Amino acid sequence: MAEQEENSMIGYDPLAWMHEAEEEESPTRSAPLSAALPDDSAIFDDDMADAGVETEPGAALNAADLQPSADAETTGRIILEPLQNIQTVSQLHQQLRCMLDSCNKIDIDASAVSQIDTATLQLLLVLKLTAVKLRKEVNIDFPSEKFMEAADLLGVSEMLSVDQAVSGFF
Amino acid sequence: MTSRIVAVLNQKGGVGKTTTTVNLAHALARMGKKITVIDFDPQSHLAVALGVVSKQQTGIDEIMLGHATFTQQQIPVRENLNLIVAGPRLQEIEQLRESGSHRGDLLRKALAPGTDDRDLIFIDCPPSSGILVANALFAAEELLVPMTSDYLALQGLSHLMGTIKKFEAVLNKKYRLQIVMSRYIPTRRLSKDVVSTLKKYFPQQILATPVRETAALAECPSFGKTVFEYRPGWRSAKDFEALAGDFLAGRMM
């Protein structure tokens with residue numbers, strides 16, 4: 001936690017992340033994504049099972065889909081594909097599991113979503129709830145109209161924190 | 001001639017967005033620059049501060065909805081200074097939920113034609129981070145962020161920078177960002193520490209003249225006057241005159 005020098009009237013520096021983001025190189029993920037997962041993702045898996053979402057733990061991962069940002073050790077970024085359904089949810093689960101492991105914050109770009117099913121929304125919901133438990137942050141950015149419609153229909157837009165989100169930009 | 005489009009924004013309330021827009025715009029207009037200010041807050045405080053109080057007057061709302069043009073909606077309020085009011089339907093735009101509509105792009109498209117004869121267009125944003133601010137971020141190339149010198153303003157700026165960086169990544173553009181220290185209390189040690197912290201993160205991005213907190217700046221909106229009309233020659237008028245010079249010359253702390 002970045003704190004100012006002793007004589008300063010400012011204790012915790014809320015802008016410190018800006019320098020950290022600039023200073024940190026974006027490291028490539030060298031560890032195999034299918035490697036044994038530590039506790040954080042295990043909690044996510046347990047929560048998924050509790051929620052009744054079936055995923056395939058061994059699903060192949062596409063590392064290119066993961067977009068570590070400049071401050072990759074703290075923030076992960078992922079772009080949702082236009083079509084999000086039961087066929088793609090396992091892969092998304094794996095990706096998010098890995099990110100939850102290595103990042104303190106996950107930004108999910110939902111601007112391109114043109115179709116999304118309940119399984120994916122449930123996955124995102126469990127991710128949000130798991131992140132809260134782990135004191136991590138998950139943001140769903142720029143949700144498309146279709147994303148918003150589906151979230152509203154299921155009554156989860158507030159829980160996903162997209163009820164006040166700006167949508168329909170793209 | 002291409003206009004500079006500047007969004008005056010900070011999602012925190014009470015930092016001096018409208019005061020900065022009104023008085024900086026008037027200072028620049030007095031220097032001969034052709035300025036248009038857009039009241040982009042449904043509360044219409046900018047218009048009131050410039051003495052325009054009609055609630056039925058349409059403005060940027062109708063331009064964004066495609067029913068009027070930028071040129072048609074400008075009201076000359078001072079020499080070289082035009083105003084586009086918010087309009088009664090701006091609030092509706094914030095709540096639009098039409099499927100497939102590109103709500104974030106409405107202002108950018110609205111400002112595309114007819115702005116060439118203006119040197120500067122200032123968009124006075126509402127104190128929020130919703131659809132209207134997103135529209136301003138789409139439309140503007142420059143951001144002017146008024147900042148008070150207190151801790152919570154720093155906290156708010158941290159949040160704002162997160163939003164701005166997301167937009168930069170998604171829109172693939174880099175804003176020219178300038179900070180103006182407003183409501184500055186020079187006798188407070190905290191003020192100096194806030195400025196010193198800001199300098200660390202925003203080198204050469206803080207306009208050289210801080211605008212000091214005065215009673216006159218709080219009073220003049222109720223008379224529909226800028227500080228140059230309400231208290232000409234006073235400290236605040238001098239601050240804004242100097243600030244306008246900094247803004248044009250790119251003079252920073």
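The values are calculated or read from the model by the stated rules, or taken from the named source; none is laboratory data. Bear in mind the structure is a predicted one, so any value in this text is a computation, not a measurement. No Cβ is skipped: glycine too gets one built from the backbone with ideal geometry, and neighbour counts run over all protein chains shown.
Go through (1) within 30 Å of A:PHE147 (Cβ to Cβ); (2) acidic (Asp, Glu); (3) touching a helix residue (DSSP H, G or I) at 6+ places or on another chain (Cβ under 6 Å) and name the single condition B:ASP39 misses.
(1)
On the basis of being in a helix (DSSP H, G or I), within 12 Å of chain A (Cβ to nearest Cβ), more than 17 Å from B:GLY250 (Cα to Cα) and in contact (Cβ under 8 Å) with a residue 40 or more places away in the chain, does B:SER191 make the cut?
Against the criterion (in a helix (DSSP H, G or I), within 12 Å of chain A (Cβ to nearest Cβ), more than 17 Å from B:GLY250 (Cα to Cα) and in contact (Cβ under 8 Å) with a residue 40 or more places away in the chain), B:SER191 qualifies.
Might you check whether a residue that is surrounded by fewer than 22 Cβ atoms within 10 Å (Cβ to Cβ), in contact (Cβ under 8 Å) with a residue 60 or more places away in the chain and polar (S, T, N, Q) occurs anywhere in the stretch A:122-130?
Checking the stretch A:122-130: at least one residue is surrounded by fewer than 22 Cβ atoms within 10 Å (Cβ to Cβ), in contact (Cβ under 8 Å) with a residue 60 or more places away in the chain and polar (S, T, N, Q).
Tell me whether the stretch B:200-210 contains one or more residues that are surrounded by 15 or more Cβ atoms within 10 Å (Cβ to Cβ) and on the phi > 0 side of the Ramachandran plot.
No.
Considering only the stretch B:211-228, I want to know if a residue exists there that is part of a strand (DSSP E or B) and crowded, with 16+ Cβ neighbours inside 10 Å.
So far as the stretch B:211-228 goes, yes, one or more of its residues are part of a strand (DSSP E or B) and crowded, with 16+ Cβ neighbours inside 10 Å.
Pick from B:THR209, B:THR226: which is among the polar types (S, T, N, Q), under 13 Å from B:THR19 (Cβ atoms) and either more than 14 Å from chain A (Cβ to nearest Cβ) or in contact with a Cys (Cβ under 6 Å, 6 or more places away or on another chain) (or both)?
So the residue among B:THR209, B:THR226 that is among the polar types (S, T, N, Q), under 13 Å from B:THR19 (Cβ atoms) and either more than 14 Å from chain A (Cβ to nearest Cβ) or in contact with a Cys (Cβ under 6 Å, 6 or more places away or on another chain) (or both) is B:THR226.
Identify all residues within the stretch B:142-167 that are at pLDDT below 90 and over 16 Å from A:ALA16 (Cα atoms); write none if there are none.
Passing the criteria: B:LYS166, B:PHE167.
Here is a yes/no grid of residues against (1) within 22 Å of B:LYS225 (Cα to Cα); (2) of a type in the set (A, V, I, L, M, F, W, C); (3) part of a loop (DSSP other than H, G, I, E, B):
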residue: B:THR2; (1), (2), (3): no, no, yes
residue: B:GLY13; (1), (2), (3): yes, no, yes
residue: B:THR20; (1), (2), (3): yes, no, no
residue: B:ILE38; (1), (2), (3): yes, yes, no
residue: B:VAL48; (1), (2), (3): yes, yes, no
residue: B:ILE63; (1), (2), (3): no, yes, no
residue: B:ALA68; (1), (2), (3): no, yes, yes
residue: B:ASN82; (1), (2), (3): yes, no, no
residue: B:PRO88; (1), (2), (3): no, no, yes
